[in-house]
Structure formats: C-alpha cells, structure tokens
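Please read the structure below before turning to the comments.
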Amino acid sequence: MQTEKIEHLKAGYSNCQERIRDLDTKTNVLFGFQIAIVGLLVTAAFSVSEGEVDLGFNDCGSLVDSYVLIIVWAISVFLGMLSLLFLISTLKARGPNGKASYSVLFPFYDDKKASADYEKAVEGFLGFGEDQIVKEYKDQLKQVGSILFKKIKTNQRSEVCLRLQILFILVGTLMFVIV
C-alpha cells in the first residue's frame, strides 16, 4: 500500500513540475507579445510627437478627441508595463517557503552550510524507509504547490492587464478611425 502512495505522490510532484514548466513557457510567449505591443505603442507615440501622424491637434473641434486618445494610449502603455511586471514576477525563481532543510526532491540549502547539510541529509536518506519517503514527497508537494499557485496568480494578473490593454487599444483605434 505504501508503494502505491509513493507512486501517487511521485505522479503529483511530476505533474506540478510539468505545470510550472508549461506556465513558464506560456509566460515567455506572453512576455514577447507584450514587449511587441508596448513597443508599437511607444513607436506610435513618437510618430505622433514628431508630427509624422496628425491627430488633429490643430483642429479645435477634435482637440478633446485628441486628448481622450492620448489618455487611452497612456492607459494602454501603463497596463502593458503592469503586465510585464507580473510576467517577470511569474518567471522569478522561488525558493522554499519557511525554514528549509536539504531534501532529495528540492535540494535547496545555504552555501555556507552546504557540506554539513548535504552530509547530514545523505546520511539520513540512506536509512529512509517508505514512511520517510512519503513524508518527503508530502513536504515537497506543499512547497511545489505553493510555487505553482503563486506563478498561476501572477500570470492571471498579467493576462487581465493584457486583455484590458487590448480593449483600450481597440477603443483608441476605433476613436482614431471614427474621428
């Protein structure tokens, strides 16, 4: 029965690691996409400021429309930058929560005490029974689950910012076309 538990825990641990890898890949794609969008918005702003594109600043009737368009653009850039910050947060390395001791599944330890931690851990692991293996997997699933949760949350926040940014870009584009 213990062996089945260990296999189940292994599968859960592997699943968490795969989800983290998938989420990091998705985040990298979103990061590239977001950089392109923000880059286009900033390029458009420079084109307008250098007079390459006329938004009607000289026409009194559309002056208010021009200011609204600038505000919509600024909000889009702000949301893009916020999205990028969330994406960076999603990709940042995360160590274990709380006080961590050396573990076979999550070998995270202080370099200053590395050899002592390692020697102590190896000694202990050589005498591990199935109960200790189950405990180790349970502890590490808690750590990896916490990491996965934080990554998903920051990635979701980034996606919300991206969707709002796209909405503002569409509104601004429609205003520019209609005005």
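Derivation of every value follows stated rules applied to the coordinates shown; laboratory data play no part. Nothing here was measured: the structure is a model prediction, and the numbers come from that model. As a convention, Cβ positions derive from the backbone with ideal geometry for all residues, glycine included, and neighbour counts pool all protein chains shown.
Name the shape class, rounded, prolate or oblate, that the alpha-carbon gyration tensor gives for the stretch 128-167, where a ≥ b ≥ c are the square roots of its eigenvalues, rounded holds for a/c under 1.5, and otherwise prolate holds if a/b is larger than b/c and oblate otherwise. It comes out prolate by the Cα gyration axes.
Using r as the Cβ-Cβ distance of Gln132 and Val171, and R0 as 41 Å, what FRET efficiency do you calculate, to the nearest 0.05?
Details: r = 59 Å, r/R0 = 1.43.
E between Gln132 and Val171, to the nearest 0.05, is 0.10.
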